[in-house]
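Take a look at the structure set out below.
The values are calculated or read from the model by the stated rules, or taken from the named source; none is laboratory data. Remember, predicted model here, so these are calculated numbers, not experimental data. No Cβ is skipped: glycine too gets one built from the backbone with ideal geometry, and neighbour counts run over all protein chains shown.
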Amino acid sequence: MATKNKIIKVKNTAEAWESGELGREIKYAIAVDKKIGTQIDDALGLQMISIRLEKDLIESYKLLGTKYDLGYQPLMREALKRFVEGEFKLIASEALEKQKAAKPKVQTIRRVRKVA
């Protein structure tokens, strides 16, 4: 028996692109020009780095990426952001506690009225 390919038309909408109905097939992927890639990175504030990570860690991120419908690299970027934000909050909290501890305590002075 010959199998028939069913063609499904998807409307060209922003939602179709965002959901992945359009644009995720590898046959349509092309690399951008290096200059355009640099402009995109600059506009997004991104910088390419090289880092060595354990294979198991990368596989774990890939697994989590499928759960959250993200690539593993954006997921790593998000995890790093959250870590840094948490550390900054911890540092700020510790500094505030030190500042509170260093302030001299103000003593309340009571006035006593003389009754005639």
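Points worth noting:
- Looking across LYS81, LYS89, LYS62, one residue alone is at pLDDT 95 or above, more than 26 Å from GLY20 (Cβ to Cβ) and surrounded by 10 or more Cβ atoms within 10 Å (Cβ to Cβ). It is LYS89.
- In summary, LEU70 fulfils each of the numbered conditions (1) surrounded by 10 or more Cβ atoms within 10 Å (Cβ to Cβ); (2) assigned to a helix (DSSP H, G or I); (3) free of Cβ contacts under 8 Å to residues at least 12 places away in the same chain; (4) of a type outside the set (Phe, Trp, Tyr) with the single exception of condition (2).
- Filtered residue count, region 1-34, keeping only those that are of a type in the set (A, V, I, L, M) and assigned to a helix (DSSP H, G or I): 3
- Out of LYS55, LYS103, LYS62, LYS81, one residue alone is over 30 Å from THR38 (Cα atoms) and either touching a residue at least 60 places away in the same chain (Cβ under 8 Å) or basic (Lys, Arg) (or both). It is LYS103.
- Any hit, region 35-53, residues being in contact with a helix residue (DSSP H, G or I) (Cβ under 6 Å, 6 or more places away or on another chain), surrounded by 10 or more Cβ atoms within 10 Å (Cβ to Cβ) and either assigned to a loop (DSSP other than H, G, I, E, B) or on the phi > 0 side of the Ramachandran plot (or both): no
- Restricting region 1-16 to residues that are of a type in the set (A, V, I, L, M, F, W, C) and surrounded by 10 or more Cβ atoms within 10 Å (Cβ to Cβ), the residue that is modelled with the highest pLDDT: ALA16
- The set of residues from region 17-34 being under 18 Å from GLY71 (Cα atoms) and either acidic (Asp, Glu) or surrounded by 10 or more Cβ atoms within 10 Å (Cβ to Cβ) (or both) comprises TRP17, GLU18, SER19, GLY20, GLU21, LEU22, GLY23, ARG24, GLU25.
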